[in-house]
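Where a number appears in this text, it was derived from the coordinates with a stated rule and is not lab data. Because the structure is a prediction, the values reported are computed rather than measured. Neighbour counts are summed over all protein chains in view; Cβ atoms, including those assigned to glycine, are modelled from backbone coordinates with ideal geometry.
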Amino acid sequence: MQIEVNHRPAYALATVSLDADEIVVAEGGAMVSMDTHVTVETAAAKKEGQGLMGGLMSGLKRMVAGESFFQNKFKAAGSAGSVTFAPKHVGDIVSYTMTGACGLVLQSTAYLCSAESVDIDAKWGGSKSFFGGEGLFMLKASGQGPIVFNSFGAIKEIDVTGDFIVDNGHIVAFEDTLSFTNTRFGSGFMQSILGGEGLVCKFSGTGKLWIQTRNPQGFGEALASKLPMRTN
Amino acid sequence: MQIEVEARPSYGLAVVQLDKGDALVAEAGAMVAMDPGLGVETGFMGVGGGGLVEWIKAALAGLARKFLAGESMFVNTFKAKTADGGKVMLAPSMVGDIAHVPLDNSKIIVQAESYLASSPKVKVGLIWGGISMLFSGEGAFFLECKGQGDLLINSYGAIEKVEIDGAYVVDTGHVVAWEGDLKYNLKKAGGWKSAMFSGEGMVLEFKGTGTVWLQTRNVGSFVSWISPFFPG
C-alpha cells in the first residue's frame, strides 16, 4: 500500500494505491474516487473474532466517538488499483506508518483511513480524561501499517522531549509514548476564566505530536457571529 | 524574539521563540500551544503596574475594545523567565493569513478584528474612525499600534501588501491595516447609483506614501454567498 497526499494544507487529498487484493479501511463518506474494479464492503467496525453483536457494539462505540457507525472496506479485486479519500471539511492530511513500537491516540474526527492490520479502538480508557469543555473523544490505534488522519487547518508535527502544552481544540494525534494531563490554562483564576483558552493538555515524555492550526469551535463561534439571523 | 509564520496563507500559524526577558501580548484565545516554562498573565492590555488610575484606564479601554470594536476584552502576556526561553504558537479563530509587521518607532492602524499579538512596548489604543465609518458596515473603531517592536496581524483570505504613492482605493471589507501616516477617507465606490448597484458599497481612499495590507477575501461577502445554501 502506497499513500500520497496532495493539495496540502487547505484541500488535501489522500491517494491510496493498493496491490492486487489489498484492502484499505476508511471512514464512511470519505471516498472521493476509485478504479472501477475496486469493490466496497460496508460493515460495522469489528475486531477479529467478534461476532455480529460484537461488531454492532464497537460500531455504536465509534458512533459515540463522533465517527460514522460504519466503515467501508475497499479491496483492489484481482489487480492493483487506487482509491482517493478526503475529509468532510477543508484542511490537511497526514499519513503515518505504525511500526508496532507504540500506539497512536487520535482525536476522533481526525481518523480518515488505515490498513486492515491497524486496529482502531473507540473505547480507549484514556479518552475519559479528555471530556469536558471541548467535548473531545479520542480513538486509539494499534498494530502495524499505515494510518491516515486529517485536521481542520494545517497539521504541524512536533517532536516533544520534556513538557509541552497544547490547547485541547488543537490536538490532532500523538504517540502513546507521551503521557498527558488535562489542566487549566495558566496557574490562576484570571487565566483560566478570562484567558479565553479553556482546557489545555500538558504532554510529557518523548514522542511525536500533531497539532492543527485552527480550532473548529473557535472558527464556529467566529463565523456564527457574522451569520444573518434565521427567520424560521 | 524570533517570529516565523507557517501554513500561509490558508491557516497561518505564528511560531514565536521568546528569549529570556522577552514578552509577547496576545489576543485572548489565540494560544495554540506553548512550552510550560513560559509565564502567563491575563489582564487588560497596557497595565504596566502603574497603579489604580492606570488600571481603570486600561479596564475602560478593554471594555471599549469588546463593545465598540468586537475584540476580546482581555489579553494574555507570555513571558520567558528562564535562560532557555520558550516557544508559543498563536493562531486566530478565522481561517486565513498572518503577517509579521516590525514597528520602528512607527504607527500602524489595524482593523480591530485583525489584531493578533504585539510586543509589550507597542502601545495599542482604540481610535474612532470618524462618524462616516458608522456607515462603512465594518465598525467605526480601529486599533492604533505604535512604538518599537513586533506586531502580528491576521486576515480572512491571504494578506496582500500594497505600497502606495499617491492615492489608492480599497473596499472597506478588504482592509486589514495601513501605515499611520497615510490619510484615509471613506467614500462611496462611484456615485450613488454604483454604490447601490455595483455591489462594491463603501471604500476607503488612502492618500500619501506608505503601505496598506489588504485581505483577498471579505467575511461579509462570504457569509452572504454561503447563506442561501444553508438548508432550512
Where does each of A:Asp119, B:Asp165, B:Asp97 land when they are ranked from fewest to most other beta-carbon atoms within 10 angstrom? B:Asp165, A:Asp119, B:Asp97
Taking B:Lys121, A:Lys208 and counting other beta carbon atoms within 10 angstrom, the fewest-first order is B:Lys121, A:Lys208
For each pair in A:Lys208/B:Lys161; A:Lys226/B:Lys81; A:Lys226/B:Lys20; A:Lys202/B:Lys79; A:Lys202/B:Lys107; B:Lys87/B:Lys146, compute the distance between the two Cα atoms and list the pairs where it is over 29 Å. A:Lys208/B:Lys161; A:Lys226/B:Lys81; A:Lys226/B:Lys20; A:Lys202/B:Lys107
Virtual spin-label span in nm between B:Glu205 and A:Leu227, 7 Å along Cα→Cβ: 3.9 nm
With viscosity set to 1.306 mPa s at 10 °C, what whole-number translational diffusion coefficient in µm²/s follows for segment B:103-178 from Stokes-Einstein and a Kirkwood radius over Cα pairs? 120 µm²/s
With labels modelled as points extended 7 Å from the Cα through the Cβ direction, what inter-label distance (nm, one decimal) is found for B:Asp84 paired with B:Ser227? 5.1 nm
Compare B:Gln148, B:Gln215, B:Gln111 in a GNM of chain B, Cα atoms joined below 10 Å, and give the one with the largest fluctuation. B:Gln148
Test of understanding: in a Gaussian network model of chain B with alpha carbons linked when under 10 Å, which of B:Gly157, B:Gly147, B:Gly39 would top the mean-square fluctuation ranking? B:Gly39
Sites B:Leu60 and B:Ile131, calculated FRET efficiency, Cβ-Cβ separation with R0 25 Å, nearest 0.05: 0.70
Pull up all non-local amide H partners of B:Gly85: gap of 5 or more, or a different chain, and H-to-H distance under 5 Å with H placed in the peptide plane. B:Lys20
Mind checking which of B:Ile153, B:Ile109, B:Ile131 has the largest fluctuation in a GNM of chain B, springs on alpha carbons under 10 Å? B:Ile131
Taking each pair of different alpha-carbon atoms in segment B:2-229 once, compute 1/r for the pair, average those values, and report the inverse of that mean as the Kirkwood hydrodynamic radius in Å to one decimal. 18.4 Å
Near-label residues of segment A:90-122 by backbone N, under 15 Å of a point 7 Å along Cα→Cβ of A:Gln144: A:97-103, A:115-119
